[in-house]
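Beneath this line is the structure, given in structure tokens, with notes to follow.
Nothing in this text is a laboratory measurement; each read-out follows from the coordinates by a stated rule. As the structure is a computational prediction, the values presented were derived from the model and not from experiment. Backbone-built Cβ (ideal geometry, glycine too); neighbour counts: all protein chains shown.
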């Protein structure tokens, strides 16, 4: 994958881009918060956990969209599940 291709992919996932930017901020110590290696390590671990969570969420969203499209192609007569708008039982008059 070329650098341009990587950037194109990254533009498709703004939440992942934000995590990478935060990691770079930690690595460069841009905000001056990390004076010890232990502090930097904890910040990196925290960001990597969030990055992993965001990556899996993006994957799940992509898969869900892909599967829904596939089902629509295979079974166009099927209706999508929609929650009914039930206003409740009418009040009985006396």
Residue 20 versus residue 58, label points 7 Å from Cα toward the beta carbon: distance in nm?
0.8
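Which semi-axis lengths, in whole Å and largest first, follow from the square roots of five times the eigenvalues of the Cα gyration tensor of the chain?
Numbers: eigenvalues 389, 118, 20 Å².
That gives 44, 24, 10 Å for the three semi-axes.
Tell me what the chain gives for mean residue ellipticity at 222 nm when only DSSP H runs of n ≥ 4 count, each as -39,500 (n - 2.57), the sum divided by the residue total, rounded to 500 deg cm²/dmol.
Working: 3 runs with 62 residues, N = 94.
It lands at -23000 deg cm²/dmol.
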Rounded to 10°, Cα long-axis angle of helix 14-28 versus longest principal axis of the chain
20
So if each residue of separation counts as 0.36 nm, and I subtract the Cα-Cα distance between residue 77 and residue 11, what length gain in nm does that give?
20.3 nm
Any chance you could give the angle, 0 to 90 degrees and rounded to 10, that helix 37-74 forms with the longest Cα principal axis of the chain?
30
Taking the simple approach of a point 7 Å from Cα along Cα-to-Cβ for both residue 39 and residue 4, what is their distance in nm?
4.2
